[in-house]
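What follows is a single structure, written as structure tokens, with notes after it.
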Amino acid sequence: MARVSQEHLDARRRQILDGAALCFARNGFHATSMQDVLKEVGLSAGAVYRYFGGKEELIGAIVGEVLEYLRATFEAAAEEAPPPPPDVLVGRALGQVLSRKSGAPEGEVSYFPRLIVQVWAETLRNEELAALMNEGYAKVRVAWVKIVEGYQEAGMMRDDIPADHVARVMVAAAQGFAAQLALFDEVPVEALEDGLRGLMSMGRPS
């Protein structure tokens with residue numbers, strides 16, 4: 001029997017994760033069954049369970065992947081001297097995540113903001129998912145602290161405000177924008193960039 005390549009295995013895993021994420025975003029975590037996921041991805045139960053033991057593992061893998069991507073993005077930015085300004089950095093990271101998770105059918109908005117809200121709700125009752133979220137959030141916040149410290153060292157930002165406090169607000173800005181996308185309407189990421197740019201201009205001459 002011919003061996004299945006790692007590339008094929010990775011592609012199949014990606015197919016399952018993307019299909020499951022779309023189901024969770026569309027119908028909610030609890031209203032989505034594994035049968036719904038199987039139908040979405042067009043695979044047999046055996047093919048899917050080869051990779052994931054059930055919904056809990058699927059949602060954990062989806063969340064872990066996104067948090068790792070954000071951590072890597074912000075850690076890379078922290079190494080730049082100075083780091084890109086907040087409007088550029090937050091807009092870039094959020095825009096890239098939304099584009100990576102844009103697999104909604106034509107005519108529908110990106111499913112990712114709706115998925116975020118579903119994950120937040122599930123975190124309130126799922127201790128394992130909450131632990132994963134807390135760990136991932138802590139890593140993202142640490143990366144943002146380094147970015148803020150880079151701003152302060154470069155004279156781009158006041159240095160009398162704790163970097164951790166600024167980091168939490170920057171994370172909150174991205175989270176809040178994602179919530180708006182999920183709950184209200186489709187707003188371009190450029191609106192977030194413009195808003196941050198406007199706030200950053202306070203006290204400067206027009």
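Helical content of the chain, expressed as a calculated mean residue ellipticity at 222 nm, amounts to -23500 deg cm²/dmol (DSSP H runs of 4 or more residues, -39,500 (n - 2.57) each, divided by residue number, nearest 500). Between L124 and V4, the contour length at 0.36 nm per residue exceeds the alpha carbon distance by 39.3 nm.
Across the accessible surface of the chain, with the other protein chains kept in place and a 1.4 Å probe, carbon and sulfur atoms take up 54 percent. Kirkwood radius and radius of gyration were both taken over the C-alpha atoms of segment 1-79, and their ratio Rg/Rh is 1.06.
Using a 1.4 Å probe and counting only protein heavy atoms, arrange K55, K146, K39 so the residue with the most accessible area comes first.
These residues rank, largest area first, as K39, K146, K55.
Relative contact order of the chain: 24 percent, from C-alpha pairs under 8 Å at least 6 residues apart in sequence.
Seen from Q180, the other residues with C-beta closer than 15 Å to its C-beta sum to a net charge of -4, counting Lys and Arg as +1 and Asp and Glu as -1.
For the chain, what is one quarter of the convex hull surface built on the Cα atoms, given in nm²?
14.1
Note on the chain: with a GNM built from Cα contacts shorter than 10 Å, the maximum mean-square fluctuation among A77, A143, A154 falls on A154. Placing R14, R158 in order of accessible area, with the largest value first and a 1.4 Å probe, yields R158, R14. Between V169 and A81, the modelled label-to-label distance comes to 2.7 nm, taking each label 7 Å out from Cα in the direction of the beta carbon. Once you reduce segment 1-47 and segment 109-150 to the center of their Cα atoms, the two points are 23 Å from each other. Ignoring ligands, DNA and RNA, what accessible area per residue does the chain give at 1.4 Å, in Å²? Per residue, the chain has 56 Å² of solvent-accessible surface.
The Cα atoms of segment 127-206 define a convex hull whose projected area, averaged across directions, is 7.0 nm².
The values are calculated or read from the model by the stated rules, or taken from the named source; none is laboratory data. Since the structure is predicted, the reported quantities are computational estimates derived from the model, not experimental observations. Every residue, glycine among them, receives a Cβ derived from its backbone with ideal geometry; neighbour counts consider all protein chains shown. Remember, those area values only see protein heavy atoms, side chains included, never the ligands or the DNA or RNA. Shrake-Rupley method; radii C 1.70, N 1.55, O 1.52, S 1.80 Å.
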